[in-house]
Amino acid sequence: MVVDSSTQELTDDEVDRLFRALADATRRDIVRRTLAEESTVTALAQRYAMSFAAVQKHVATLEAAGLVSKHRKGRERIVRGEPATIQRAQQLLDELEAVWRGRVTRLDALLAEDPVG
């Protein structure tokens, strides 16, 4: 498990789901759009050269990862980006960066040491 700074744990499955969802350009674009402004699934589908069903699948993948949420407004399904999940992903990346920076710093220090003898 990976623990983020806000003490909420992300399981390996949650981390996989999150980054797998963000690995697709269309899904990243949907997240960007819905963080800026809520949108209906129909309006989103009109922006892409793919079927309505394909966009629905993308939205479902994002929803499963917690990157967007859907709610009903009359007969429409409104999609809203979830900034808290983006923040969790950023915290995880920051933590991983700190680990790697620490390793590089230790390696630099080791290489800078005078050889013995």
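The values are calculated or read from the model by the stated rules, or taken from the named source; none is laboratory data. The model shown is predicted, which means the values in this text are computed figures rather than measured ones. Here the Cβ is made from the backbone with ideal geometry for all residues, glycine too, and neighbour counts use every protein chain on show.
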*Considering A89, A43, which residue is part of a helix (DSSP H, G or I), surrounded by 14 or more Cβ atoms within 10 Å (Cβ to Cβ) and touching a residue at least 12 places away in the same chain (Cβ under 8 Å)?*
A89
*Which one of these is modelled with pLDDT of 95 or more, aliphatic (A, V, I, L, M), out of contact with any Asp or Glu (no Cβ under 9 Å at 6 or more places or on another chain) and surrounded by 11 or more Cβ atoms within 10 Å (Cβ to Cβ): A54, A23?*
A54
*Does D13 satisfy being loosely packed, with under 12 Cβ neighbours inside 10 Å and either assigned to a helix (DSSP H, G or I) or in contact (Cβ under 8 Å) with a residue 24 or more places away in the chain (or both)?*
yes
_Exclusive hit being surrounded by 14 or more Cβ atoms within 10 Å (Cβ to Cβ) and outside any loop (DSSP other than H, G, I, E, B), set V104, V31_ = V31
*Which numbered condition G74 fails, given (1) on the phi > 0 side of the Ramachandran plot; (2) modelled with pLDDT of 95 or more*: (2)
*How many of the residues in segment 55-79 are part of a helix (DSSP H, G or I) and under 11 Å from V41 (Cα atoms)?*
6
